[in-house]
Amino acid sequence: IRLKNGWFFSDCEVYVDEKGSGLYYLCFDFGKDKLDAGTQIFLSFEVKRENQPDNAIYSKHPNLLNAYLSQLAYIGDSQKMGFGRQMIRFKLTGVFNLPSERIISASYNMYRITSNCNELEMLEITEDWCSVTGGWADYYKTGKRKSYLQTKDSELSFDITEIVKSWSDDKTGFKEHCGLILKCVEENHLSDIFLTNDCRYFNNYTKVVFS
């Protein structure tokens, strides 16, 4: 919702009431203190893919299920979610069959609504993970930093050239399948709201330049 002072507020509870014969009522509770004259509410409904690749994990909700269905991810430290990170899968090298020597550059491009954290990093994930059931409590293993970005901009572009080249050399496809995890360098920093791959307001995309 957008409050009359211009601020955006995305925190709400959704309740489902089954009425029978395939009919359901959805109740969106934003809290009584948020709804007053001049408040605008935006609702959208989309068919979600069950194989959505991204997943968000949060320290205050270590066993959270189906976080991949959300169009927003909270990266950093938020009062409600705790420390937040976003896990991102890719499907590039196996589809296009590009040898690493032909890859000139590669970048992952995304958008955030707020700009509190000015140092972001992407780490390599070194084990398989599940978009539906994976959570903070799984303690997924990570490797070295593969991209670093220092900026306050809303539109972000992470250089992932070297990791994409290594994925091309991995004929098993396992490294690319595990993907990368996005986090704040200093995780006690106030969180930012990122749009996920499933959001239609801004299409996150990977750009690969090759010869």
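The values are calculated or read from the model by the stated rules, or taken from the named source; none is laboratory data. None of the values given here were measured: they were computed from a predicted structure. Please note: Cβ atoms are built from the backbone with ideal geometry, for glycine as well, and neighbour counts cover all protein chains shown. Ligands, DNA and RNA are excluded from the accessible area calculation, which covers all protein heavy atoms including side chains. Shrake-Rupley method; radii C 1.70, N 1.55, O 1.52, S 1.80 Å.
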Computed about the Cα centre, the charge dipole of the range 94-211 from +1 Lys/Arg and -1 Asp/Glu charges at the Cβ has a magnitude in debye, to the nearest 20, of 240
Answer in debye to the nearest 20: the dipole magnitude of the chain about its Cα centre, from +1 Lys/Arg and -1 Asp/Glu charges placed on Cβ, is 280
With the charge dipole of the chain built from beta-carbon charges (+1 for Lys and Arg, -1 for Asp and Glu) about the Cα centre, the Cα from Y25, F194, I163 projecting farthest to the positive end belongs to I163
Expressed in square angstrom to the nearest 10, the accessible area of F42 with a 1.4 Å probe stands at 120
Applying the gyration tensor rule to the Cα atoms of the range 71-174 (axes a ≥ b ≥ c; rounded if a/c under 1.5, else prolate if a/b exceeds b/c, else oblate), the class is oblate
Sorted by accessible surface (1.4 Å probe, heavy atoms of the protein chains only), largest first, T196, T39 come out as T39, T196
So, with points 7 Å from each Cα along the Cβ direction, the E127-S166 label distance in nm works out to 1.8
Ranked by GNM mean-square fluctuation in the chain (Cα springs under 10 Å), the top entry among E18, E119, E186 is E18
Taking a crude spin-label model, label points 7 Å out from Cα along the C-beta direction, the V16 to L190 distance in nm is 3.5
Among P99, F83, L65, the residue whose Cα sits farthest towards the positive end of the charge dipole of the chain (+1 at Cβ of Lys and Arg, -1 at Cβ of Asp and Glu, taken about the Cα centre) is P99
For the range 129-176, dividing by residue count, accessible area per residue (probe 1.4 Å) in Å² works out to 60
Other residues with Cβ under 12 Å from the Cβ of S168 give, with Lys and Arg +1 and Asp and Glu -1, a net charge of -1
Simple spin-label estimate for F28/L65, 7 Å along Cα→Cβ, in nm, reads 2.4
Here the net charge surrounding G134, from other residues whose Cβ is less than 13 Å away from its Cβ (Lys, Arg +1; Asp, Glu -1), is -1
Ranking R112, R102, R145 from most to least accessible area with a 1.4 Å probe gives R145, R102, R112
When the chain is treated as a Gaussian network with springs between alpha carbons less than 10 Å apart, the largest mean-square fluctuation among V164, V14, V132 is found at V14
Relative contact order in percent for the range 107-197 (Cα pairs under 8 Å, 6+ apart) equals 48
Charge tally for neighbours of E124 with beta carbon under 15 Å away, counting Lys, Arg as +1 and Asp, Glu as -1, is +1
Row for the chain, column shape: gyration tensor on C-alpha, a ≥ b ≥ c, rounded if a/c < 1.5 i.e. under 1.5, prolate if a/b over b/c, else oblate; value prolate
